[in-house]
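Colleague: Take a look at this one; I'll ask things after.
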């Protein structure tokens with residue numbers, strides 16, 4: 001399986017209008033793609049007015065056949081005319097699951113979560129739900145070393161994050177030598193508490209010491225679920 005990661009940056013103040021256009025368009029007309037959506041998320045840190053949306057597909061061919069046919073659907077042309085002027089930029093990346101099984105509890109090469117499965121959490125009961133996207137950029141050729149070290153030292157130290165893990169992935173189309181980690185939390189305090197517990201673990205310190213020469217950059221983006229239930233099945237009851 002592969003993930004498609006899309007980042008749409010809106011013109012200032014137009015993010016809510018973007019979500020309104022999705023509701024006005026409806027979801028049946030984009031059913032081939034919406035059936036593979038993991039979630040749409042709005043940034044609360046990092047780029048302002050940005051929407052991250054993530055989809056899971058069986059393969060590159062599944063991605064191509066589901067997505068590309070939509071551009072010629074006559075009923076979608078008014079939607080495209082309405083939504084494109086809202087945006088400053090569009091980016092997409094393709095990701096594959098980590099080879100470390102402990103980091104892919106819901107999205108592995110052999111099986112993966114789909115919108116018909118139970119949600120990981122429900123914002124109606126987890127009102128401060130927060131999603132973290134952590135991106136680690138590595139030196140060329142060091143991706144294998146990263147997975148080896150995180151399996152040996154990082155995974156044992158990450159037990160405070162285990163129940164919050166969505167998945168870990170690496171780039172196959174886009175900037176190379178990048179790792180993407182995803183977690184969800186019950187708000188900022190929950191995130192801070194769990195990360196702090198990991199940081200003081202001797203195994204995590206060993207992992208950081210070993211991989212540090214190969215890390216070019218590391219950044220985190222915090223997000224909240226989209227306000228439209230159909231767009232966040234990972235955190236909504238079907």
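Colleague: Taking 0.36 nm per residue of separation and subtracting the Cα-Cα distance, what length does fully extending residue 27 through residue 109 add?
Modeller: Details: separation 82, 0.36 × 82 = 29.52 nm, distance 2.76 nm.
Value of the extension gain: 26.8 nm.
Colleague: Turning to a different aspect of this structure: In degrees, nearest 10, range 0 to 90: what is the angle between the Cα axis of helix 188-199 and the longest Cα principal axis of the chain?
Modeller: So the inclination is approximately 30 degrees.
Colleague: Oh, and also: Based on the Cβ-Cβ distance from residue 60 to residue 89, what FRET efficiency comes out when R0 is 22 Å, to the nearest 0.05?
Modeller: 0.40
Colleague: Moving on. Test of understanding: in a Gaussian network model of the chain with alpha carbons linked when under 10 Å, which of 150, 52, 211 would top the mean-square fluctuation ranking?
Modeller: The residue with the greatest mean-square fluctuation here is 211.
Colleague: Length gain on complete extension for the stretch residue 72 to residue 193, per 0.36 nm per residue less the alpha carbon to alpha carbon distance?
Modeller: 38.7 nm
Colleague: Can you compute the modelled spin-label distance between residue 6 and residue 81, with each label point 7 Å from Cα toward Cβ, in nm?
Modeller: 2.0
Colleague: In nm, give the distance between the simple-model label positions of residue 203 and residue 163, each being 7 Å from the Cα along the Cα-to-Cβ direction.
Modeller: The two pseudo-label positions are separated by 1.8 nm.
Colleague: Using the Cα gyration tensor of segment 187-238, with a ≥ b ≥ c the square roots of its eigenvalues, what is the shape: rounded (a/c below 1.5), prolate (a/b larger than b/c) or oblate (neither)?
Modeller: prolate
Colleague: Where does each of 189, 62 land when they are ranked from fewest to most other beta-carbon atoms within 10 angstrom?
Modeller: 189, 62
Colleague: Two decimals is fine: what's Rg over Rh for segment 103-238, C-alpha atoms, Kirkwood radius as Rh?
Modeller: 0.97
Colleague: Where the centre of each part is set by its Cα atoms, how far does segment 16-46 sit from segment 150-179, in angstrom?
Modeller: Distance between centres, Cα-based: 26 Å.
Colleague: Let me ask something else. Send over the Kirkwood Rh of the chain, from the inverse of the averaged 1/r over different Cα pairs, rounded to one decimal Å.
Modeller: By the Kirkwood definition, the hydrodynamic radius is 18.7 Å.
Colleague: Would you list 57, 235 from fewest to most Cβ contacts within 10 Å?
Modeller: By the 10 Å Cβ count, ascending, the order reads 57, 235.
Readers should treat all values here as calculations from the given coordinates under stated rules, not as data from a laboratory. Since this is a predicted model, take the numbers as computed values, not measurements. Cβ atoms come from the backbone with ideal geometry, glycine included; neighbour counts cover every protein chain shown.
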